[in-house]
Structures are given as C-alpha cells and as structure tokens.
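The values are calculated or read from the model by the stated rules, or taken from the named source; none is laboratory data. This is a predicted model, so every value here is computed, not measured. Every residue, glycine as well, gets a Cβ built from its backbone with ideal geometry; the counts of neighbours run over all protein chains shown.
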Amino acid sequence: MIKRLLFITTSLLPLHVIAQCTDQVIASYSPTTVCSGRDVQLTASNVAGATYSWTGPQLFSSPQQNPVVPSISINGGGDFIVTATVGSCQYADTVTISVNQTPTAPTALHNSPICEGDTLSMSATITQGISVYFYWFGPGSFVALTTSAQPVNLVGATVAQSGTYKVISEIPSTGCRSDTTYLNLVVNPNLTPNVFITADDTTITGPMVPIIFTANVTNAGTNPTYQWQKNSVNIPGATSQTYTGINGFDFQHQDTIGVIVAADASAPCPQTTFSNRLIVRINLEVDDYYDVPSLALYPNPNSGSFKLTGLPQHETINISVLNAVGQVVYTDVIAQHNGQASVALPGVPAGAYLLQVKTAEATQSIRFTQL
C-alpha cells in the first residue's frame, strides 16, 4: 500500500513562495514479495535539492534517499514513511510492507557413503512444521523437487554422481526460500577382482599325480582372500592363492576346480568374484599317455613350426594342442613319412602347450613351448 502526502508550509509566506511547493516524492521497495530475514531496499524518487528522512516500524530511521532495511524480521512490517525536504517545502510518501515467513534451512539426511551400483538416497525436513517444497541440485545438472520427508533415490549410482548436493526449502504460496543446506556425498568405486585360474600341469593326468592350481588375480587390493572349491563346494583349508591336490585322491575324474576371491576387506567396496572352472580328468592308461620315449618334438622351444619323430607308421595320426588350462587350441590329422611329420600351428600365441598324438593303439603326449 502506498500513501502519498504533500506538506506545504504557508504561514507568513508570500503567495509566490507558496506556489513553488509543487514537487512530490514517490516511495517504493523491492523485492515486491518480502521474506523474513532478507534485506529490503527502500527507494525514494529524486526531488531536486531535497534532503531525505525515512522512519518505520521497530524504530527504523535513515537519512539516506535509498536505504536498506537489513534482515527484516517477521514482525518488522508496517508503514515506512519518507520525507523529502526542500527549503520550507516537505513532501512525504508511505509504503506499507507485509513480511512473509521464510522457512528454515532444511535438515538433510542421506546414506552416503555407498558403493557404486547401490541406491543413493536423500531426504529433507524443516523444523517449522509447515508445508514446503524442497529443491535439490547436484553434480551433472541433477535437479529434483520433493515435499517433506519424500526421498530422492538415485538407483544404480555411479562414481560420477559423487560430489556436492544442495537443497533449499520454499513456501509455495509466497515463494520465500530458505538458506541452502549443502551435502557432500560419496559413491565409492567397487573393488572387483579379476580372477583366472591355471594349473601348473595339464589337468589330464594319471592317478596319484599332484596338480597345483594357481589363482591369477588383479584388481583385488593388497590382501585378497581365497576359497577354493571342488564341484562348487568349499575345500576345507584351501584358502591360499594356490591349491595342490592329488588326482584320484583329492579329486576324481570330471571334478571341477575353481576359486572364490574376495577383494581386500579394508577397501571401501570390496567385491567377490568366482573364477573360471577347470575340469580334472584321470587317464588310467598313464603308461601310454605320458613320457613315451619314442615320440620326440624338435626344436623345443619353437616359433610354431616343429617336427615330430617316433610316430607309428601305417596309421592315421590325429594331433591336438592343449593350452595350460586344458583347452584345445588346435587339432589336425597329419601324414607321416618313415615315422616323421612336420607341423605348423597357425594363429596360436606364445605359451606353454601339451601336444597329444592319438592313434588307434595309444595316445602319446609331449610338452613344448612356443616363443
């Protein structure tokens, strides 16, 4: 509400002096919606040569033309009067300010820190017990609008969603907004082991032959834990990076061996990984299977091309090449001449391999290394 008053002093003044008091002053304020605890800018229009005086509620006074009412209280509204004085002329105007309640800064709850892939949850309340909106802002242009105690859930949170979030409360009917509450939220990366097990020898052996299995692990921290399994059942006491078992004693034909690796428990988000599985096979004809003296391979090591000697004559010969984990990487049917044959392995990477030579009578094998 604006009230404009014109004061003119007329006593004992000539008529030509009275006629000069024809200016007026206009008072205004901003913002147009006044919220408690916020500054209010009072403004008086310019009157040439005038001095100004403002008065208002709660003993407010100012000699400035455009003073500020600092942090106006909820009870600080009412009539604010400005008087502009030019000589014997006084011009006055009044603005009536209504003060709206400002909500308190929110109290924010959250479940940080969490692990990536979990749900990041936030909620807010205020102490005044009034209906408000909550405006949320965060990393990656995140915005959200909620009401009291309504949660904000970021399902499947990523590490990139870590950072500073802020929340502001607002009374919808007036637009009065609180101060900002800041939250520093953390989404920790998962420490997920990469695990691949190998055997120091082929997993196809004769009875009572030891096989050493090794867990090759990366991204598991400094102190991972291990649990070896046979046929998906924990092996008691097998909790080291390697596990040694005796074929035909600790495991039987077609048993599967694997390991569960848990990342360092001191990490924020340690995870557990199941390894690949190796199948153990027992060859009962061990004398025919290993170390047959007539079979020879040279050169050894080689670059993928080698010769075989000691092959049985007048027979069809099938060869297979197995890698260190018992996988067949190459097969062929070869022709021999006088017990000899040449073999070239296309596209087989460097590593340690087992060559199996199968005929109608026996299976022979020999280890070799490809550089």
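Yes/no per residue for (1) among the polar types (S, T, N, Q); (2) over 23 Å from Q327 (Cβ atoms); (3) not in a loop (DSSP other than H, G, I, E, B):
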{"residue": "V195", "(1), (2), (3)": "no, no, yes"}
{"residue": "M208", "(1), (2), (3)": "no, yes, no"}
{"residue": "I211", "(1), (2), (3)": "no, no, yes"}
{"residue": "A215", "(1), (2), (3)": "no, no, yes"}
{"residue": "Q227", "(1), (2), (3)": "yes, yes, yes"}
{"residue": "P236", "(1), (2), (3)": "no, yes, no"}
{"residue": "T239", "(1), (2), (3)": "yes, yes, no"}
{"residue": "Y243", "(1), (2), (3)": "no, no, yes"}
{"residue": "I260", "(1), (2), (3)": "no, no, yes"}
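Scanning segment 331-357 for residues that are surrounded by fewer than 17 Cβ atoms within 10 Å (Cβ to Cβ), touching a residue at least 12 places away in the same chain (Cβ under 8 Å) and not in a loop (DSSP other than H, G, I, E, B) gives T331, D332, V333, I334, Q340, S342, A344, G351, A352. The residues of segment 164-181 that are in a strand (DSSP E or B) and surrounded by 15 or more Cβ atoms within 10 Å (Cβ to Cβ), listed by number, are Y165, V167, I168, S169, E170, R177, T181.
Under the condition of being in a loop (DSSP other than H, G, I, E, B) and farther than 27 Å from N276 by Cα, which residue from segment 314-330 is modelled with the highest pLDDT?
Looking at residues that are in a loop (DSSP other than H, G, I, E, B) and farther than 27 Å from N276 by Cα, I get T316.
On inspection, S112 passes the criterion of being among the hydroxyl-bearing types (S, T, Y), outside any strand (DSSP E or B) and either modelled with pLDDT of 95 or more or not assigned by TED's automatic domain parsing to the domain that holds G163 (or both). Criterion first (at pLDDT 95 or above and either polar (S, T, N, Q) or not assigned by TED's automatic domain parsing to the domain that holds Q327 (or both)) does P224 satisfy it? Yes; evaluated as a whole, the condition is true for this residue. Here G163, G140, G206 are screened, and the one residue that is modelled with pLDDT under 95, of a type in the set (G, A, S) and more than 30 Å from R281 (Cβ to Cβ) is G140.
Scanning segment 222-281 for residues that are under 21 Å from P193 (Cβ atoms) and of a type in the set (K, R) turns up K230, R277. Looking for whichever is of a type in the set (S, T, Y) and at pLDDT 95 or above here; the options are S169, S148, S131, S88. Which one fits? Result: S169 is the single residue among S169, S148, S131, S88 that is of a type in the set (S, T, Y) and at pLDDT 95 or above. Per the conditions (1) surrounded by 18 or more Cβ atoms within 10 Å (Cβ to Cβ); (2) touching a strand residue (DSSP E or B) at 6+ places or on another chain (Cβ under 6 Å), the sole criterion not satisfied by T96 is (1).
In the list A105, A92, A144, which residue meets the criterion of being at negative phi and assigned to a loop (DSSP other than H, G, I, E, B)?
On inspection, the qualifying residue turns out to be A105.
Check whether at least one residue in segment 71-79 is outside any strand (DSSP E or B), touching a Cys at 6+ places or on another chain (Cβ under 9 Å), of a type in the set (V, I, T) and free of Cβ contacts under 8 Å to residues at least 60 places away in the same chain, and report yes or no.
The answer is yes; a qualifying residue exists.
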